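Q: Have a look at this one.
The values are calculated or read from the model by the stated rules, or taken from the named source; none is laboratory data. As the structure is a computational prediction, the values presented were derived from the model and not from experiment. Heads up, the Cβs are rebuilt from the backbone with ideal geometry, glycines too, and the neighbour counts pull from every protein chain shown. Surface areas here come from the heavy atoms of the whole protein model, side chains and all, with no ligands, DNA or RNA. Shrake-Rupley method; radii C 1.70, N 1.55, O 1.52, S 1.80 Å.
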Amino acid sequence: MNRVRNFCAGPCTLPVEVLTEVQNELLDYEGSGMSLIEMSHRSPEYDAVHGAALDRLRVTLEVPDDFEVLFLQGGALLQFAMVPMNLVAPGSSAGHVRSGAWGKAAYADAERACSAYLAWDGTDGRFSRMPEPDEIEVRPGTRYVHLTSNETIEGIQLRSLPDLGVPLVVDISSDFLTRSVDWQRIDLVYGGVQKNLGPAGLAVVVIRRTALEECVAGLPSYLGYAGHSAARSLLNTPPMFSIYVVGKMLRWIQDRGGLAGMAERAIRRSGLVYDVIDSSDGFYTGPAQAPARSRTNVVFRLSSPELDGRFLAGAHEAGLMNLKGHRSVGGFRASIYNAMPDEGVEELTEYMRDFARSAG
Ligand code: PMP
């Protein structure tokens, strides 16, 4: 077996320990004679897995009792529409912070689903920083302000959630379970799990119970949060495989210090790559302004783009995969999510130093 270091922005690398457990259980789940993914989603075996994953997510993400955890499908993308459909009643509006490509996409969908306005726009600054709280405009009648806590493509991250005097809705897709959430300001957070937590197919929504009670009524059944909550996220057939692996991944995270452990890893490991960038005498540059640097997606460029091909080919040869930046921004991106082993980051920084020395 020759496992590479996979720096993909999502889906992501998963721990060998978790994958091996899945492999061992795949043909015969706990003596049932079938795999978990062949069972009825109403079976007692699956129900136990489902309930444990919901509970474990609540504990690991430190979700307070007055919030509800929902397991949904459709990725974070469907939440761009479901959030405004559920939370914004006629007469109120959603303020959106356009901090990067994903914030931009969330705003575009919100405009289609409700009355929405731009509370801050980082487009002119080419999305190199996050706004200061006093730069965010909150208009009368605002139901919530939507933020993207980490812009996966540009590699910028909010350091803390602003106090804007209205509830916040936060897309936490790409720094999910790598930092704690300041719940007091929040009505809802959401994210796909395929970066820090498991295989694609599952989106998690955590919603304040009072917000849940006030959701717009009469939406088609899949689109209303209330129905999912009443059915314990078993309104229809859930993405069982993803939920099953997420349950295992949550245990893996708990065994490694939980949220605090993951936060420490994210700071330390992204710091190792930023150190190489900062000490390279301009050989590597990072477009993100220093205070907004992402701790999960490190975006960087070579000062001589004609070396890009050589950098990538050498990385590939060294088993360092998926370092190419998003096509909209170019350059390189190292996505360092929870399951990336420390050794993977050490091999990357060593390769970057060696490459700068030999090509610089
Ligand atoms: N928001 C952010 C911050 C993302 O990084 C992504 C995916 N890269 C999305 C939303 C869309 O997620 P999904 O593919 O789960 O719909």
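Q: Can you name the residue in the stretch 17-40 that is touching a residue at least 60 places away in the same chain (Cβ under 8 Å) and within 27 Å of the chain's Cα centre (by Cα) and is also surrounded by the fewest Cβ atoms within 10 Å (Cβ to Cβ) among such residues?
A: Across the stretch 17-40, the extreme among qualifying residues is GLU17.
Q: Could you go through the stretch 188-205 and let me know if any residue there is open to solvent by less than 30 Å² (accessible area, probe 1.4 Å), at pLDDT 95 or above and away from the ligand (no atom under 16 Å from the Cβ).
A: Looking through the stretch 188-205, none of the residues is open to solvent by less than 30 Å² (accessible area, probe 1.4 Å), at pLDDT 95 or above and away from the ligand (no atom under 16 Å from the Cβ).
Q: Among GLU137, GLU111, which is of a type in the set (D, E, K, R), in a helix (DSSP H, G or I), away from the ligand (no atom under 12 Å from the Cβ) and modelled with pLDDT of 95 or more?
A: On inspection, the qualifying residue turns out to be GLU111.
Q: Among the candidates ILE253, ILE243, which residue alone is assigned to a helix (DSSP H, G or I), touching a helix residue (DSSP H, G or I) at 6+ places or on another chain (Cβ under 8 Å), farther than 23 Å from CYS114 by Cβ and within 16 Å of the ligand (Cβ to nearest atom)?
A: From the options ILE253, ILE243, the qualifying one is ILE243.
Okay, residues lined up against (1) more than 15 Å from the ligand (Cβ to nearest atom); (2) open to solvent by less than 20 Å² (accessible area, probe 1.4 Å):
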site	(1), (2)
ARG42	yes, no
TYR46	yes, yes
VAL59	yes, no
ARG98	no, no
ALA101	no, no
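Q: Are any of the residues in the stretch 233-254 open to solvent by less than 20 Å² (accessible area, probe 1.4 Å) and more than 24 Å from the chain's Cα centre (by Cα)?
A: Looking for residues that are open to solvent by less than 20 Å² (accessible area, probe 1.4 Å) and more than 24 Å from the chain's Cα centre (by Cα), one finds none in the stretch 233-254, hence no.
Q: While we're looking at this one, here's another question. Restricting the stretch 73-84 to residues that are surrounded by fewer than 21 Cβ atoms within 10 Å (Cβ to Cβ) and assigned to a helix (DSSP H, G or I), which is farthest from the ligand (Cβ to nearest atom)?
A: It comes out as ALA81.
Q: Another question, then. State all residues of the stretch 155-183 that are part of a loop (DSSP other than H, G, I, E, B) and within 10 Å of the ligand (Cβ to nearest atom); if no residue qualifies, say none.
A: ILE172, SER173, SER174, ASP175, PHE176
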